[in-house]
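Here is the structure we will look at.
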Amino acid sequence: MNFSDIPFNMKFHFDDDLREVPISKGDMIKGINFIKESLSYVQTEGEKAKLYGLIGVYSRIVQQLDESKRYLDLAVKINESHQNDRARFVNELRLAHTHQWMKNFTVSNKIFNRLVNQALENDNYKTTYLDFVYQHAGKNFFDQGKYHSALTYFEEALEIRMRKDNQELIDSTTYAIRVCEKRMVCDS
């Protein structure tokens with residue numbers, strides 16, 4: 001299944017806390033249920049892990065955090081057992097984000113720290129994922145009120161994204177920087 005196969009509005013925007021907010025929560029919940037129903041048609045464990053990852057992401061966005069954690073744990077375990085390191089990495093990033101939203105900062109900090117180090121040490125991850133890891137680690141610090149650390153990570157993400165020349169990602173990080181700087185002024 002591809003994202004385009006989901007016949008519901010799965011789009012979201014970012015709020016002033018840098019959290020994803022569904023454009024239509026009702027549609028997103030219907031989309032999650034559609035993905036769950038699609039699980040019975042998948043042929044491989046890899047496809048199942050991919051759908052588990054999607055369910056985990058969208059469950060977080062609609063505030064079903066326990067459900068998000070459960071599905072992302074399953075995605076990580078399947079990818080580990082099949083030695084799909086890239087998919088495991090992506091789902092661990094998603095899982096760290098869910099722990100962040102759950103305010104399990106001891107866990108989220110540990111996972112984000114490990115993922116940053118892995119991305120810095122592995123050229124494939126550095127090229128593909130380092131900006132995402134910086135962006136999400138920055139949001140993790142932001143949620144903890146550690147705005148200076150968050151800003152440092154957002155600036156690192158922006159530098160990489162400028163080189164990638166992806167305007168959507170640049171806009172997302174620029175927005176995160178603006179919100180973070182505004183919060184730093186308000187809290188000083």
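Here are the numbers for the structure shown:
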| quantity | calculated |
| --- | --- |
| Where Rh is the Kirkwood radius over Cα pairs, Rg/Rh for segment 1-116 | 0.97 |
| Inverse of mean 1/r across different Cα pairs in segment 50-188, Kirkwood, Å | 15.3 Å |
| Residues whose placed amide H lies under 5 Å from that of F12, excluding near-sequence neighbours | I23 |
| Portion, in percent, of the accessible area of the chain that falls on carbon or sulfur, probe 1.4 Å | 49 percent |
| Cross-link table K30/K69; K50/K146; K30/K146, entries beyond 30 Å C-alpha to C-alpha | K50/K146; K30/K146 |
| Gap separating the Cα centres of segment 89-152 and segment 24-80, nearest whole Å | 20 Å |
| Within straight-line cross-link reach of K126, lysines at Cα separation under 21 Å, skipping those fewer than 8 residues along the same chain | K110, K139, K164 |
| Within-14-Å neighbourhood charge of V116 [Cβ basis; K, R +1; D, E -1] | 0 |
| Gyration tensor (alpha-carbon) shape descriptor, segment 23-86, a/c threshold 1.5 | oblate |
| Aspartates and glutamates whose Cα lies under 17 Å from that of K11, excluding same-chain neighbours fewer than 8 positions away | E20, D27, E168, D171 |
| Mean ellipticity per residue at 222 nm, deg cm²/dmol - from DSSP H runs of n ≥ 4 across the chain, formula -39500 (n - 2.57) | -25500 deg cm²/dmol |
| R0 of 30 Å, Cβ-Cβ distance D73-M184: FRET efficiency to nearest 0.05 | 0.30 |
| Gyration tensor verdict on segment 113-162 (Cα atoms; rounded if a/c is under 1.5, prolate if a/b is larger than b/c, oblate otherwise) | oblate |
| Among G31, G53, G138, residue whose mean-square fluctuation peaks in a GNM of the chain (springs only between Cα atoms under 10 Å) | G31 |
| Diffusion constant of segment 136-186 at 37 °C, which comes from Stokes-Einstein with the Kirkwood Cα-pair radius and 0.692 mPa s, µm²/s | 307 µm²/s |
| ³J(HN,Hα) computed for each position of segment 20-32 - Karplus, 6.51 cos²θ - 1.76 cosθ + 1.60, integer Hz, glycine/proline x | 6, 10, x, 5, 9, 4, x, 5, 5, 5, 4, x, 4 |
| Average accessible surface area per residue within the chain, 1.4 Å rolling probe, Å² | 53 Å² |
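The values are calculated or read from the model by the stated rules, or taken from the named source; none is laboratory data. Because the structure is a prediction, the values reported are computed rather than measured. No Cβ is skipped: glycine too gets one built from the backbone with ideal geometry, and neighbour counts run over all protein chains shown. Note: areas computed on protein heavy atoms with side chains; ligands, DNA, RNA excluded. Shrake-Rupley method; radii C 1.70, N 1.55, O 1.52, S 1.80 Å.
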